[in-house]
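These notes are about the structure you will find just below.
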Amino acid sequence: MSYDARQIANWFIKRAANDGRVLSIMSLLKLAYIAHGWHLEMRGGKPLFDNRIEAWQYGPVIPDVYNEFRPQGVSASDISPAYQAPLDASTEDLLEQIYKIYGRMSPFQLSELTHVAGGPWETARKWGGWYAEIPDEVILSHYVAKRQQSANSQHG
């Protein structure tokens, strides 16, 4: 099942609030993007959400999420009431794993992760310049390669 990226963003906002934290817009965007990438990799190329992802100056951005939450300022403390539909248990489990691994990283650490040489953001930017769409196929191949690198480093 595919969701709206704003539902995923709401989940991260609520999860951070449970820890007494507020996420910056940059962190929110990066966490949603990273969750989408790992979802593609773990679920046979099925997208977590169908919203467009673009290559902006500071990395991958989901314009729908940016436009929904940016009016709050640089941090997103309030969920979007229009996107509160529940997520299935396996999706919540994946998001919890993403949050545990990446949720405490600074916005700039998350940004560095999404700016790697040859990664989806750089690839899309080279193809189409700023605001180019980052296709799911490119994101999927990047996360498949990340999984392979991790497996190789554990066995090497």
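The values are calculated or read from the model by the stated rules, or taken from the named source; none is laboratory data. On a predicted model such as this, the values are computed, not experimentally measured, just so you know. Using ideal geometry, Cβ is built from the backbone for each residue, glycine included, and neighbour counts are taken over all protein chains shown.
The set of residues in the range 115-135 being modelled with pLDDT of 95 or more and either aliphatic (A, V, I, L, M) or touching a helix residue (DSSP H, G or I) at 6+ places or on another chain (Cβ under 6 Å) (or both) consists of GLY119, PRO120, TRP121, THR123, ALA124, ALA132, ILE134. For the range 145-154, indicate whether the set of residues that are surrounded by 13 or more Cβ atoms within 10 Å (Cβ to Cβ) and in contact with a strand residue (DSSP E or B) (Cβ under 7 Å, 6 or more places away or on another chain) is non-empty. Checking the range 145-154: not a single residue is surrounded by 13 or more Cβ atoms within 10 Å (Cβ to Cβ) and in contact with a strand residue (DSSP E or B) (Cβ under 7 Å, 6 or more places away or on another chain). Summed over the range 68-120, residues that are assigned to a loop (DSSP other than H, G, I, E, B), farther than 15 Å from LEU28 by Cα, of a type outside the set (S, T, N, Q) and touching a residue at least 60 places away in the same chain (Cβ under 8 Å) total 3.
Checking the condition among the basic types (Lys, Arg), touching a residue at least 60 places away in the same chain (Cβ under 8 Å) and in a helix (DSSP H, G or I), which residue from LYS126, LYS146 passes?
LYS146
Where residues in the range 1-59 are without any contact (Cβ under 8 Å) to a residue 40 or more places away in the chain and in a helix (DSSP H, G or I), which of them is farthest from TRP127 (Cα to Cα)? Ranking the qualifying residues of the range 1-59, first place goes to ASN18.
Taking the condition among the acidic types (Asp, Glu), closer than 16 Å to THR114 by Cα and touching a strand residue (DSSP E or B) at 6+ places or on another chain (Cβ under 6 Å), does GLU41 pass?
So GLU41 does not fit the description; no.
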